[in-house]
């Protein structure tokens, strides 16, 4: 979600510079959608068979890599609110930077045509580099790339076995988008004095709010993103501002994506403040496959910083397994809407490594935020959207920004461990020790090896002895982080020496 940061509401002079606001307007749809069935080519595209095992990488297209200089408009890398030049061409050219981490899916920010001007409420010119302020839902923004370039990106991802999730927005248009002045669309929008106070009728951040409760509006919106997904072979949508659109819309959306894009087309929803309980009504009605667990980053940050008892954190991790069968939580450490975790931790990368280890050994779909794997500190908005660091590789816009290759190696190792051991993504949770600064738990799944995870958040060494899984009796144990071997004692106990700020991920040999 891109929360609006506008200095004034209404059509007031000076709020926005907008060019060409009524050009290339699409005609309203009739009551029945014109979405067409999928092509054979789309049906043949690789898709995840089980998103339980997915690891997602989230990237703001404009902040990653600049591959086509001829689409750079209003680019100024020194200004946080300007475009920085990243595009689909650059993302495709540098795709191995992401693929080599071992991720299975990439989520990219919206690429529809966005407003041409900026808003000023933030105290500086704030452009639509993030893609959430649509000007024309039926066109792509040339500053990000063409449809052919989006197709090339999707094809390159599929060639690497990576699924693509496109961020889509059904709730609102951009500030002062041309739709407001178009008599064909004006009745479909709530603006300014027409906005309500509840989730469904409020104008999020002062943005023009589509009246998605009207069938003709729903038809028109559904006929924007679904055909694009068909043409380029997308694997799913990340759904923006879900709670600001009603359940009937999402149920119809689900039915149409299944009908036209296939039953395995994945829907990941942003229900602000979501957790297993908040998300369950959307799962109960099968409106989406997964939702973001907004509780995770804060809970992890508190525990690794020594705030709160380990026993309480242990119980929290166990509760996350109570999600409805067949549906998923998606948990991030940082996002584009909140202060980045490295910043919250004060740049303490040892604590961040503990957080990464928790993210990769916990139930749900891990969502990695671009650049943090190489030490992008970020910060509060707008610094949480800083450029991807490229070091001496010379890639704009983040050329020269320092990279931490050791951190990248650790993150890659943790992704690899998660993917190699299905118990970490699908297994049940069993706490083994939760005293003091050391947390030890087992992840167990039928037909897969049991994994025991131990973390010491303390700045002093600690020792703990736990009951090893029954099947480990008499076997040696391998720690996949330190490649150290241990032995389960004759009484079935496993003694662990935990250095300060350390993690062990163990399986029996």
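Would you mind telling me which numbered condition in (1) touching a helix residue (DSSP H, G or I) at 6+ places or on another chain (Cβ under 9 Å); (2) at positive phi residue 394 fails?
With (1) touching a helix residue (DSSP H, G or I) at 6+ places or on another chain (Cβ under 9 Å); (2) at positive phi applied to residue 394, the lone miss is (1).
Each row is one residue, and each column tells you yes or no for (1) touching a helix residue (DSSP H, G or I) at 6+ places or on another chain (Cβ under 7 Å); (2) assigned by TED's automatic domain parsing to the domain that holds residue 384; (3) surrounded by fewer than 22 Cβ atoms within 10 Å (Cβ to Cβ).
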residue: 84; (1), (2), (3): yes, yes, no
residue: 89; (1), (2), (3): yes, yes, yes
residue: 92; (1), (2), (3): yes, yes, yes
residue: 98; (1), (2), (3): no, yes, yes
residue: 106; (1), (2), (3): yes, yes, no
residue: 111; (1), (2), (3): yes, yes, no
residue: 121; (1), (2), (3): no, yes, yes
residue: 127; (1), (2), (3): no, yes, no
residue: 135; (1), (2), (3): yes, yes, no
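Cβ contacts < 9 Å: first residue on the phi > 0 side of the Ramachandran plot, restricted to region 256-283; second residue in a helix (DSSP H, G or I), any location; separation 6+ or different chain. Result?
Taking only residues 6 or more apart or on different chains, the pairs are 262/42; 262/43; 273/243.
What single numbered condition from (1) buried (at least 20 other Cβ atoms within 10 Å of the Cβ); (2) in contact (Cβ under 8 Å) with a residue 24 or more places away in the chain; (3) in contact with a strand residue (DSSP E or B) (Cβ under 8 Å, 6 or more places away or on another chain) fails to hold for residue 185?
So residue 185 meets the others, but not (3).
Which residue pairs have Cβ atoms under 7 Å apart, sit 6 or more places apart or on different chains, and have a first residue in region 473-494 that is assigned by TED's automatic domain parsing to the domain that holds residue 451 and loosely packed, with under 12 Cβ neighbours inside 10 Å and a second that is at pLDDT below 90 and assigned to a loop (DSSP other than H, G, I, E, B)?
From residues that are assigned by TED's automatic domain parsing to the domain that holds residue 451 and loosely packed, with under 12 Cβ neighbours inside 10 Å, the pairs are 476/509.
Can you tell me which residue among 447, 436 is surrounded by fewer than 18 Cβ atoms within 10 Å (Cβ to Cβ), within 23 Å of residue 355 (Cα to Cα) and outside the structural domain of residue 80 (by TED's automatic domain parsing)? Working first, answer last.
Details: 447 fails: within 23 Å of residue 355 (Cα to Cα).
Result of the check over 447, 436: 436.
Test each condition in (1) outside any loop (DSSP other than H, G, I, E, B); (2) touching a residue at least 40 places away in the same chain (Cβ under 8 Å); (3) crowded, with 19+ Cβ neighbours inside 10 Å for residue 234 and report the one that comes out false.
All conditions pass for residue 234, except number (1).
For residue 164, indicate whether it is part of a strand (DSSP E or B) and under 20 Å from residue 112 (Cα atoms). Lay out the reasoning, then the answer.
Numbers: part of a strand (DSSP E or B): yes; under 20 Å from residue 112 (Cα atoms): yes.
It is true that residue 164 is part of a strand (DSSP E or B) and under 20 Å from residue 112 (Cα atoms).
The values are calculated or read from the model by the stated rules, or taken from the named source; none is laboratory data. Note that this is a predicted model, so its numbers are computed, not measured. Cβ sites come from the backbone with ideal geometry, for glycine too, and all protein chains shown count toward neighbours.
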